Amino acid sequence: MQQPENHSIKIKRVYELPDQHDGRRILVDRLWPRGLTKEKAGIDLWLKDIAPSTELRKWFDHDPGRWEEFQDRYLVELKDNHEQIRLLKQELDKGIVTLVYAAKDEEHNQAIVIQENAWLFR
């Protein structure tokens, strides 16, 4: 994946096998990934309310042409989502966190927005 070595927030598709370097695996999708049990996905925590709103997710529809605007809109949602930010902050205080997501697009998804705006969680 594209995370720096010294970063405490990693990202990974939920369909990739969990490994010992993941730390706490947190699902950041509003919908549970198809075909996976909690055990198989290795999910420690599901922060579905940190995911983009249903309206924003449907509007974005993983269209790379909407990526820039999606990031801006989602960042506004994140900044107003104090409870979910607090919960993620608590997890980061414990150590390494891997945000997992189901989207096929590994370059345009909410986990990247969270990772790139990690200052929100410090």
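Side notes on the structure shown:
- Backbone HN-Hα couplings from phi across the range 46-61 [Karplus 6.51/-1.76/1.60, Hz, Gly and Pro as x]: 10, 9, 5, 7, 8, 5, x, 4, 4, 4, 5, 4, 5, 4, 5, 6
- Computed from backbone phi, the HN-Hα couplings of the range 86-93 come to 4, 5, 5, 4, 4, 5, 5, 5 Hz, rounded to whole numbers (Karplus: 6.51 cos²θ - 1.76 cosθ + 1.60, θ = phi - 60°; Gly and Pro given as x).
- Karplus-derived 3J(HN,Hα), 6.51/-1.76/1.60, for each residue of the range 22-31, Hz, glycine and proline x: 6, x, 6, 9, 10, 6, 10, 10, 6, 10
- For Arg25, the residues 5 or more places off, or on other chains, whose built amide H falls under 5 Å of its own are Asp44, Leu45, Thr98.
- Computed over protein heavy atoms with a 1.4 Å probe, the accessible surface of the range 43-122 works out to 54 Å² per residue.
- Carbon/sulfur fraction of accessible area - the chain, other protein chains in place, 1.4 Å, %: 49
- Loop trypsin sites (Lys or Arg not before Pro), the range 1-86 (other Cβ atoms within 10 Å of the site Cβ: 15 or fewer; DSSP): Arg34
The values are calculated or read from the model by the stated rules, or taken from the named source; none is laboratory data. Quantities reported herein were computed from a predicted structural model and do not represent experimental measurements. Cβ: placed from backbone, ideal geometry, glycine included. Neighbour counts: every protein chain shown. Areas reflect the complete protein model, heavy atoms only, side chains present, ligands, DNA and RNA absent. Shrake-Rupley method; radii C 1.70, N 1.55, O 1.52, S 1.80 Å.
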